[in-house]
Amino acid sequence: MSGNVGIVIVSHSADVARGTADMVRQMVGTEVPLAWCGGDPGGGLGTNVGAVVMAIQAAWSDRGVAILVDLGGAETNSEMAVEMLDPELRARVVVCNAPIVEGAVMAATEASGGSGLDAVRRAAEKLYPR
Amino acid sequence: MMADDPSVDARAAGSVVLSHTGGLHARPAIKLTKLARRFDCDIAIGVAAVGPWKDAKSIAQVLSMKVPVDTTLHLSASGPQARLALEAIIRLVESDFQGIETSEQSDA
């Protein structure tokens, strides 16, 4: 398989999601597929399943996609978005149990070296081992 | 007894003083990790010649070292291109982490 694992950032805040994506781009680079979503259409806080699905599609890689989330709804909506994918694709998407900003940068750094989805997820979750 | 052909399996060790202001914080750590990953050999990094050693290809491990400025970084590599890998990493640190592009290609 070619390409790198993609990264999706899901925050309640569009500013947080966009800012996290900026950090990934500037600190890690452009070789990792990356998409973000956050906020509601009215400019407030929120997350929604459709936006997560579109972000997964935008960052899609045959190697898989790792999702970084902030709180509550971001996680549940991301899990729902994953469930809406075709079963074949679903197996290649994970929601990481990691802080959104640090996890996104760690995951992208791991992904940029060509690592597989499991290694990318472990990198995101390793920074602050529980 | 190290082979001079840098492409063959080998061991190499070296050290370099980290003069980067702020120490080995996120951006330089990411650059070091990404450079280390370009090589197939195992690369260990530590702040003492006797270890303990961290995996230079693991961003979490490198960041967890929290290396402050003016620390001597010790490096040890084994496997293909071990010497080349060490030379490249030492050059990166000596160049104040200017030696590798991370992002912001102007084609965006």
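No value in this document is a laboratory result; all are computed from the given coordinates. Model, not experiment: these values are computed from the prediction. Cβ: placed from backbone, ideal geometry, glycine included. Neighbour counts: every protein chain shown.
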Worksheet item: Taking only DSSP H segments of four or more residues, each worth -39500 (n - 2.57), what value at 222 nm results for chain A once the sum is divided by all its residues, to the nearest 500 deg cm²/dmol?
Response: -15000 deg cm²/dmol
Worksheet entry | Kirkwood-based shape ratio for the protein assembly as shown, expressed as Rg/Rh from alpha carbons | 1.03
Discussion item. Taking R0 as 22 Å, what FRET efficiency do you get between B:A13 and B:Q98 from their Cβ-Cβ distance, rounded to the nearest 0.05?
Written reply: 0.35
Worksheet item: Picking from A:H12, A:A66, A:V52, whose Cα lies most toward the positive end of the charge dipole for segment A:6-125 (charges on Cβ: Lys, Arg +1; Asp, Glu -1)?
Response: A:A66
Response to the item:
Here the Kirkwood hydrodynamic radius of segment B:36-91, Cα-based and in Å, equals 11.4 Å
Worksheet, complete the sentence: Proxy exposure order for A:C37, B:C41 (fewest C-beta within 10 Å first) is B:C41, A:C37
Response to the item:
Rounded to the nearest whole number, the per residue volume of the convex hull around the C-alpha atoms of chain A in Å³ is 89 Å³
Discussion item. Can you tell me which lysines have their Cα less than 17 Å from the Cα of B:K66? Leave out same-chain residues fewer than eight positions away.
Written reply: A:K126, B:K31, B:K54, B:K57
Worksheet item: In whole Å, what is the distance between the alpha-carbon centres of segment A:82-96 and segment A:1-75?
Response: 15 Å
Item to complete: Give me the distance in nm between label points sitting 7 Å out from Cα along the Cα-to-Cβ direction at A:L89 and A:D62, one decimal.
Response: 1.6 nm
Response to the item:
Quick calc, segment A:6-125, dipole around Cα centre from Cβ unit charges on Lys, Arg (+) and Asp, Glu (-), nearest 20 debye, gives 160 debye
Worksheet item: HN-Hα J couplings of segment A:61-74 from phi, Karplus 6.51/-1.76/1.60, θ = phi - 60°, integer Hz, Gly and Pro as x?
Response: 9, 4, 6, x, 9, 9, 9, 10, 10, 9, 10, x, x, 4
